[in-house]
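I have placed the structure first, in the form of structure tokens, so that the comments after it can refer back to it.
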């Protein structure tokens, strides 16, 4: 008699229905034996939006009228039979070898708690508000640097992995279910910061971390994204900050407190606090009565928390801040332009 599945794929679909069928297609096309994994779909959408997978007996669909990512995943956890949880957002896709690579890694390293693979953006051509079109090129995100054993998890190494994308995109992650449990009350509070929380929960624990160099996840950039990859157009980041900024700031503060209370100095919360500071800086540019003093204060906070090499890569944002210091109204108008094809 076959045992329980080794991997539980948790698919989260909140409000958006445009891409969920594609996401589920990518799970169905995995080269791993279907008996080795199960699929749990958490959604507030009608079952009919799942397309041909709506009545698939291999999928468990949990419907929620409201709530956030953390509440949904905690509610799904008792239904997950796998020891390893693999996450997939409704707008992303798995490559066909994704789950077999996850399985191999967790079998090879018994003390592995966290798996992250590199991410390849889905090439797209987007239209701007003035009718012009620009292409988003396919790029890779994530460190892809191999195994990090628990005894080698220094503050500096964790920070470097974070800044190179090791905590980006839940669809690139797989964790032992105990990692989710180790978040405690924080898990139910998470709105948009769950990838950072999972990364740091694993870093704080006694688990090994593994960073796969292969791009096993396809990440879609579109107007309703709740996260933004590194190197994105500053206008895209500005729109995310305007739409989801409060949630980003709240989650960054929650995760920073979690790190400070559990890290005992082994892991720093500075990088997470930088995420909140960056969001506050971008949002400050949207204030109708923005003063130069406010903008300088927000910029100073961001610079104090962010490594110089990271700041140096943010030319678009720094140009927007400089424009804001010269003319706050012009900076806001430029950032609200969706063309995204030129710096100020």
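The values are calculated or read from the model by the stated rules, or taken from the named source; none is laboratory data. Just so it is clear, the model here is predicted, and its values are computed rather than measured. Here Cβ is always computed from backbone atoms with ideal geometry, including for glycine, and neighbour counts include all displayed protein chains.
Here is a check on your reading of the model: is residue 50 in a loop (DSSP other than H, G, I, E, B), more than 19 Å from the chain's Cα centre (by Cα) and at negative phi?
No: the conditions fail for residue 50.
How many of the residues in segment 60-108 are assigned to a loop (DSSP other than H, G, I, E, B), in contact with a helix residue (DSSP H, G or I) (Cβ under 6 Å, 6 or more places away or on another chain) and without any contact (Cβ under 8 Å) to a residue 24 or more places away in the chain?
1
So which residues in segment 178-198 are closer than 12 Å to residue 115 by Cα and out of contact with any helix residue (DSSP H, G or I) (no Cβ under 6 Å at 6 or more places or on another chain), if there are any at all?
Matches in segment 178-198: 198 only.
Considering only segment 241-271, state which residues are in a helix (DSSP H, G or I) and modelled with pLDDT under 80.
Correct list: 241, 242, 243, 244, 245.
Looking only at segment 63-89, which residues are over 24 Å from residue 251 (Cβ atoms) and modelled with pLDDT under 85?
Correct list: empty.
Read through the list (1) modelled with pLDDT under 90; (2) over 19 Å from the mean Cα position of the chain (by Cα), then give the number of the only condition that residue 60 fails.
All conditions pass for residue 60, except number (1).
Yes or no, residue by residue, for (1) buried (at least 16 other Cβ atoms within 10 Å of the Cβ); (2) touching a strand residue (DSSP E or B) at 6+ places or on another chain (Cβ under 8 Å):
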| residue | (1), (2) |
| --- | --- |
| 48 | no, no |
| 53 | yes, yes |
| 58 | no, yes |
| 66 | no, no |
| 73 | yes, yes |
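Within segment 171-205, track down each residue that is at negative phi and not in a helix (DSSP H, G or I).
173, 174, 175, 176, 182, 183, 185, 190, 191, 192, 193, 205
Determine which single condition residue 238 fails, assuming it passes every other condition in (1) surrounded by 15 or more Cβ atoms within 10 Å (Cβ to Cβ); (2) modelled with pLDDT of 80 or more; (3) over 18 Å from residue 196 (Cβ atoms).
(2)
For segment 138-164, give me each residue that is crowded, with 23+ Cβ neighbours inside 10 Å and part of a helix (DSSP H, G or I).
Across segment 138-164, the qualifying residues are 158, 162.
Considering each residue of segment 122-167, count those that are at pLDDT below 80, over 21 Å from the mean Cα position of the chain (by Cα) and at negative phi, and give that number.
Of the residues in segment 122-167, 10 are at pLDDT below 80, over 21 Å from the mean Cα position of the chain (by Cα) and at negative phi.
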